[in-house]
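Note sheet for the following structure.
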Amino acid sequence: MTLESAAPPPERRTVATLQAMKPRGEKIAVLTAYDYPTARLLDESGIDILLVGDTLGMVVLGYPDTTQVTMDEMVHHIRAVARGAKRAFIVGDLPISSYETPEQAVANARRLVEAGAHAAKLEGGRPRFAQIKAIVDSGIPLMAHLGMLPQSVKIEGGYKIKGKTPAEIERLLDDAQAVQDAGAFSVVLEIVKSDVAAQVTASLRIPTIGIGSGLDCDGQVLVSHDLIGLFPWFVPKFVRPRALVAEQIRAAAAAFIAETKHSQS
């Protein structure tokens, strides 16, 4: 037996280990993954949470937004991610119209867990209290999602920053308390004014995971395609790409095409 084979497997992140990070002031790092190689690379890099988000509809499947993503598509991609991740905690999105009732929410959350997710995520605050509580009571951890809700983009007419008015701030604080009371283990705050996100974070026992919501959240999440420059046709204003993978792909493809077309038999 080699030393490598005798090494213990990496310790899997759990709800308990993630929640313990907040009081220590240790930030939680979250990235999206939708396939085996990406999941494996991010897992080996030490990411805390892999989110199989319904953003796959846009950056993988070519939909204009997340409102066309289905449960079958989510299950398919979660299975691939689960094969690649040995350490990270895997969260799977419940897509639009998959959690209209508590019973439907539980049934579909179970499908995500059976595919390999360790937790489910859904959008909405107090109006989703019953669904969150039912999922948690069934034994499945639940990550909530407040602020800008991508599944409501057609209703709201675009992706708009939240927390700009006293009424919005009051609603965010109430929704955050509601999802915590319902049993959510954490909550994503998407495109919330940074000072308001800090206020929400301070009001909760559970960790907040920000995206475009400032640095005072308990963690940060990004779409991996945005982080590495793999989806150059749209980059959110709050993202600073750390690589330009799309340019490398184009250059590699162009070199292959030129080599093939100019090669002699």
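The values are calculated or read from the model by the stated rules, or taken from the named source; none is laboratory data. What you see is a predicted model, and the numbers here were worked out from it, not measured in a lab. With ideal geometry, Cβ positions are generated from the backbone for all residues, glycine too; neighbour counts draw on all protein chains shown. Side chains are part of the model used for accessible areas, which takes the heavy atoms of the whole protein and leaves out ligands, DNA and RNA. Shrake-Rupley method; radii C 1.70, N 1.55, O 1.52, S 1.80 Å.
Below are the figures for this structure:
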item: Tally of residues being crowded, with 18+ Cβ neighbours inside 10 Å and hydroxyl-bearing (Ser, Thr, Tyr) across region 23-81; result: 5
item: Single match in ALA134, ALA167 (criterion: without any contact (Cβ under 8 Å) to a residue 12 or more places away in the chain and more than 20 Å from ALA20 (Cα to Cα)); result: ALA167
item: Members of region 204-233 found to be open to solvent by 40 Å² or more (accessible area, probe 1.4 Å) and without any contact (Cβ under 8 Å) to a residue 60 or more places away in the chain, listed by number; result: LEU215, ASP216, ILE228, PRO232, TRP233
item: Residue list for region 149-160, restricted to those being closer than 9 Å to GLU123 by Cα and in a loop (DSSP other than H, G, I, E, B); result: LEU149
item: Residue among VAL60, VAL30, VAL52, VAL69 that is within 15 Å of the chain's Cα centre (by Cα), in contact (Cβ under 8 Å) with a residue 24 or more places away in the chain and more than 19 Å from GLN151 (Cα to Cα); result: VAL30
item: Matching entry among GLY183, GLY210, GLY157 (being at pLDDT below 95 and either of a type outside the set (A, V, I, L, M, F, W, C) or at positive phi (or both)); result: GLY157
item: Matching residues, region 99-115, being out of contact with any Leu (no Cβ under 8 Å at 6 or more places or on another chain) and surrounded by 18 or more Cβ atoms within 10 Å (Cβ to Cβ); result: PRO102, VAL106, ARG111, VAL113, ALA115
item: Odd one out for VAL15, checked against (1) buried (at least 16 other Cβ atoms within 10 Å of the Cβ); (2) farther than 18 Å from PRO141 by Cα; (3) touching a residue at least 60 places away in the same chain (Cβ under 8 Å); result: (2)
item: Tally of residues being open to solvent by 50 Å² or more (accessible area, probe 1.4 Å) and in contact (Cβ under 8 Å) with a residue 12 or more places away in the chain across region 137-155; result: 2
item: Subset of region 161-203 (residues that are part of a helix (DSSP H, G or I), touching a strand residue (DSSP E or B) at 6+ places or on another chain (Cβ under 8 Å) and open to solvent by 20 Å² or more (accessible area, probe 1.4 Å)); result: GLU168
item: Which numbered condition GLU123 misses (of (1) over 25 Å from ILE28 (Cα atoms); (2) touching a Ser or Thr at 6+ places or on another chain (Cβ under 8 Å); (3) not hydrophobic (A, V, I, L, M, F, W, C)); result: (1)
item: Whichever residue in region 234-261 is in a loop (DSSP other than H, G, I, E, B) and farther than 17 Å from ILE211 by Cα and, among such residues, is least open to solvent (accessible area, probe 1.4 Å); result: ALA243
